[in-house]
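Report on one structure; see the data block that follows.
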Amino acid sequence: MNKLITRRRVLLTGAIATAAVAVSRVANAEGVKLALDDPQAMALGYVEDAATVDRAKFPRMQDGQNCVGCALYQGDGEGWGACSIFPGKQVAAAGWCNAFAPKA
Ligand code: SF4
């Protein structure tokens with residue numbers, strides 16, 4: 001009897017964990033693309049293509065930096081993903097802004 005309950009718990013725990021991951025992925029997939037004319041995006045120099053950063057204006061930017069390499073990026077590395085700086089918005093994996101923080 002106890003083995004049956006334990007097995008059910010294991011299955012239930014696995015199902016809950018799987019559902020949580022699925023919900024997290026859906027949440028990351030949702031949200032609108034961050035507008036380039038969003039005031040905060042403009043203040044941080046956000047661009048959808050890191051190659052287009054105005055380096056005179058944002059000298060922190062270095063070769064090879066982009067959102068997918070940023071610790072604040074929450075996407076899976078393809079296309080668009082959430083960013084903790086811009087809640088509810090999606091930023092381009094190839095993008096960049098002045099809040100860039102390299103992944104550890
Ligand atoms: S904080 Fe990082 S992930 Fe977010 S927009 Fe700036 S560079 Fe991209």
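Scanning the range 60-89 for residues that are within 12 Å of the ligand (Cβ to nearest atom) and at positive phi yields a single hit, Gly77. Go through the residues of the range 49-59 one by one and say whether even a single one is under 20 Å from Val32 (Cα atoms), surrounded by 13 or more Cβ atoms within 10 Å (Cβ to Cβ) and near the ligand (Cβ under 7 Å from one of its atoms). There is no residue in the range 49-59 that is under 20 Å from Val32 (Cα atoms), surrounded by 13 or more Cβ atoms within 10 Å (Cβ to Cβ) and near the ligand (Cβ under 7 Å from one of its atoms). Here Ala43 clears all of (1) at pLDDT 95 or above; (2) in contact with a helix residue (DSSP H, G or I) (Cβ under 8 Å, 6 or more places away or on another chain) except the condition numbered (2).
The values are calculated or read from the model by the stated rules, or taken from the named source; none is laboratory data. Predicted model only: the values in this text are computed from it and were never measured. Because the Cβ atoms are built from the backbone with ideal geometry, glycine has one as well, and the counts that use them run over all protein chains shown.
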